[in-house]
Each structure stands twice: as structure tokens, then as C-alpha cells.
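Following: one structure in C-alpha cells, then a few remarks.
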Amino acid sequence: MFLSVYDIFKIGIGPSSSHTMGPMTGAVRFIDALRGLAKDSVNQPGVAPAKPARIEVTLHGSLAFTGKGHATDRAVILGLTGLLPDTLDPDDAERLEAEVRQNRRLLLEGLGEIAFDPATDLIFDYGPALPGHANGMIFKALNAEGALVLTETFYSTGGGFVVTHAELSESLRGGVQNLEAAKVEQGYPYPFGTAREMLRMGRESGLSIAAMKRANEIAHSGSEKLSERLDTLLQAMNGCIDRGLQMEGVLPGGLGVKRRARGIHQQLLAERGRNLVQPHAENDWLAVYAMAVNEENAAGGRVVTSPTNGAAGVVPAVMRYYRDHCIGANDEGVIDCLLTAAAIGGLIKHNASISGAEVGCQGEVGSASAMAAAGLCAALGGSNEQIENAAEIALEHHLGMTCDPAGGLVQVPCIERNALGAVKAVSAASLALRGDGSHFMPLDNCIETMRQTGLDMNHKYKETSLGGIAVNFPAC
């Protein structure tokens, strides 16, 4: 099984990988399909050209229930203009969104002018979710007479991954839960699809998990490209922390949540060198790094899915903690941490889910904590067995965690939840390093437990804001 480190860690924008990045990417794919259809019809003699006059988009399930709080409407508008999460200019995006809302049209290369009024053509359907996934959306292009030119159903499956209905159906027929993870391709030297296979391949090859992951990545994209992309990811992660530690003010959305990372960071800096600082203040460093990222995410800033936007703070926080606080930290350890975290994230995505709308926050912050624990354990010299143990400990103690954001915003409890996910990750890595790697519950079994728990979880607690904290917070 091969999911690239760039599949797990994607550079994009907040506040949500499934509700913002996924719908934006789906919208771009729909416009590309329209262009392809128009081009094909022009090249076919006797066939009337496919001329879309209006586009309609319907959001279903979690995308409808918390879409406005997650800026899904904005994401769809920007995607229909051709912008992608990893390359858009925030200032240009704001201008384009305002133009579409004001002019109620899209002006698209190769298609011309198409009517699209977000007020009436972007529909939030609060009925039952589509059968394929909790995050469903249907795009339709209609001609001047109102006849259907093209329709496509997309599912945003978490972490910015998007599949069509046909792609999802094909993957399910093959007995695979996630199409993007259904790449059990030959040609990769270590195509492990389970933690058990990963450990076996490590024993047979004598390689670490990071080394096997590196070998797979080099087979995928080459050594030079790998180094360049890893550097880009690390710069984006650290840049997000640094921005978050400098920003002040109130986060958008109406809850009145204040940014706290800068103030906490300044307190920690002022306390350095004092004899009266409590030893558990090290946890506050972990927390502030994670909060800095998730405050940036809540503000719609540039973040890295790790493996999702809602859980984007955990892995970067633990990596910064390793680099700036751990004895013997070095650049090689940082890379090993990132590669190992990606390997664990790929296993969870392949065998369960990283979507809060599908399995709750255990699939987001729980997965991120497992990834970070494994990565830190690797960076600190842990064996493959200890690394697998660290991931299992972290994931096990997030089982059953709900996704119930107040106001449908990725703020409460999401920001603090990332801080605690980072603390748990370090504790899990430390516990694993105290043992020899042998333990009762294998990581594979824990991942399967998480999947089953997600299936059993009431939909009110899976990113719909219909239960839990989302309905038990004070009126503003």
C-alpha cells in the first residue's frame, strides 16, 4: 500500500480539509470535466456543443450542517473560479469571491460566462446524508433551457481527499474502504498495508520505518524531489507556528474566541531560566505550538493537513518540541519524524478513516496524536516495535472522541484538543521508549476498533454540530 507523504501532508488553507479544501478541489474537478465535455462535443461532427449556462451545487450531510461555519460556501465559489488550496493567493481569493457574489456569474476560460448565484445556486441540504459518505456534494451544469449538461457527485473523505461517486463505488467493489488508499501498487519496495506487514518488512530488511517510507517515496518521485518537498512541508509547518505565535485578536465566526497562543508564548519566554517554573511547563510549550497552528487554521490561514486541518497542530507541535526542546535533536531526526508520521497516517487512512464526519474526532486528533507519537519515538531512536507501540498508545486513548464543534467552527473544542493531542503524543512516545516494544494491543487492532467505534457513533457527534459541546455552550 502506498500513500505518499504528500497525500497525508497537504499544504492548504483553513479552516477544514474536508469542508474547505475538499469542496474546493471537487469544484475544480467539475469545471475541468465541463471543459473536457465541451472540447469533446466540438470535435464530434453532428453533435451539438455542450454549452453550460448555469451551475448549481448542493451540499449534503456534514457539509450542509457545518458548511457555513467551515467556509464551505466560500471554498466552492473559489474552486469554481479555478483556485486550488495549495496555490491560491488569499488576497486574490477574497476579491474573486466578492466578484462572484456581486455579479452572480463565473467567467471561465474555455467555457465563457456561466450564471452562478451563491445565494440560490449553492444549496445546503439538511436532509439525510448521501449514501456514499457523510461529506457529499452534487454539482450540476444546466444549459439555457434548463436541461442537464453534466452532473457529478463528489465525496470529501477527509484530509483534502476527494473522490467521485463512481470512484468510490469502484473502490468498494474491490473491498477497499478508501479509493485514495487503494494503491497496492507493485514497484514500491515496501508496500505495507498494515502495521503487522510494516513490522515484518522492517525485520526482514533491517530498515527503520522511516527508511522504508523514504525508499517508497524515492521510488515514487525520486530522491531530489523528495528532499525538496519535505523541506517545503517543514517550512510550511514551522511558518504556521511562527505566524500563530505572533498574531492577536478575535477569531472570525461570531463565537468571540480570542487568540491565546501569543500571550502564552510570551509568558513562557519570560519564565525561561527561573528556578520556580514547574516541570510540567514543558507541556505548555507543546500546547502553545499546537494552539498557534489551530488558531491560524480557524482564521483561514495557510496550514498543512496533518492529517487534516482540524488536527493540523499536533504533528507540527511535536516536531517543534523535538527540535527545540529535546536533547540530541537534529535535522535527520526531524525528517525521520515526518516520514514515520506519514507512514502511520497512511495506515489509518487506508484501514479506517481520518474524517471527523465519518468517525468523529478520534479519526482526526486521535490519528494525528498516533502519527506524532510514532514520529517522536522514531526521532528519539526507538525501534520499529517501540514506534508501533507509541502510535497504538496514543490512538487507543483517543477512542470514542466525538467531533462536535461549537457553532460549526473549528475553534471550540478543536484548538485546545490539538494541544492535548500533542501532550498525549509525547507521553505515548515516552512510555513506548521505556518498554521493549512488546504490548497487548497491536496497532492494527486499535485502528479497526476506531473504525468500528466510528460506525457505531451517533451522527450528532460526527461534525454535524447537533450534539455534545455544539449544543451545550453559552449563548453569545
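Quick rundown of the values:
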{"item": "The range 428-445, residues that are touching a residue at least 12 places away in the same chain (Cβ under 8 Å), surrounded by fewer than 22 Cβ atoms within 10 Å (Cβ to Cβ) and not charged (D, E, K, R)", "result": "Leu431, Leu433, Gly435, Gly437, Ser438, His439, Met441, Pro442"}
{"item": "Top-ranked residue in the range 188-206 [being farther than 17 Å from Ile348 by Cβ and either of a type in the set (A, V, I, L, M) or without any contact (Cβ under 8 Å) to a residue 12 or more places away in the chain (or both); ranked as surrounded by the most Cβ atoms within 10 Å (Cβ to Cβ)]", "result": "Met201"}
{"item": "Conditions (1) more than 21 Å from the chain's Cα centre (by Cα); (2) closer than 19 Å to Val293 by Cα; number of the one not met by Gly408", "result": "(1)"}
{"item": "Test: residue in the range 397-405 that is under 21 Å from Val426 (Cβ atoms), part of a helix (DSSP H, G or I) and modelled with pLDDT of 95 or more", "result": "no"}
{"item": "Which listed residue, of Ile348, Ile393, Ile354, Ile344, is crowded, with 24+ Cβ neighbours inside 10 Å, modelled with pLDDT of 95 or more and in a loop (DSSP other than H, G, I, E, B)", "result": "Ile354"}
{"item": "Residues of the range 41-69 satisfying the condition of being modelled with pLDDT of 95 or more and within 21 Å of the chain's Cα centre (by Cα)", "result": "Leu59, His60, Gly61, Ser62, Leu63, Ala64, Phe65, Thr66, Gly67"}
{"item": "Number of positions in the range 99-132 that are assigned to a strand (DSSP E or B) and of a type in the set (Gly, Ala, Ser)", "result": "2"}
{"item": "Hits in the range 69-79 - residues which are in a helix (DSSP H, G or I) and either hydrophobic (A, V, I, L, M, F, W, C) or out of contact with any His (no Cβ under 9 Å at 6 or more places or on another chain) (or both)", "result": "Asp73, Arg74, Ala75, Val76, Ile77, Leu78, Gly79"}
{"item": "Top-ranked residue of the range 362-389 - restricted to ones that are of a type outside the set (S, T, N, Q) and under 23 Å from Leu168 (Cβ atoms), ranked as farthest from the chain's Cα centre (by Cα)", "result": "Gly363"}
{"item": "Residues located in the range 80-98, provided they are of a type outside the set (Asp, Glu), outside any helix (DSSP H, G or I) and without any contact (Cβ under 8 Å) to a residue 24 or more places away in the chain", "result": "Thr87"}
{"item": "Selection count where residues are in a loop (DSSP other than H, G, I, E, B) and either touching a Phe, Trp or Tyr at 6+ places or on another chain (Cβ under 9 Å) or farther than 24 Å from Ala53 by Cα (or both), scope the range 133-154", "result": "2"}
{"item": "Test: residue in the range 305-321 that is within 28 Å of Ala93 (Cβ to Cβ), outside any helix (DSSP H, G or I), in contact (Cβ under 8 Å) with a residue 60 or more places away in the chain and aliphatic (A, V, I, L, M)", "result": "yes"}
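The values are calculated or read from the model by the stated rules, or taken from the named source; none is laboratory data. What you are looking at is a predicted structure, and each value in this text was computed from that prediction instead of being measured. Using ideal geometry, Cβ is built from the backbone for each residue, glycine included, and neighbour counts are taken over all protein chains shown.
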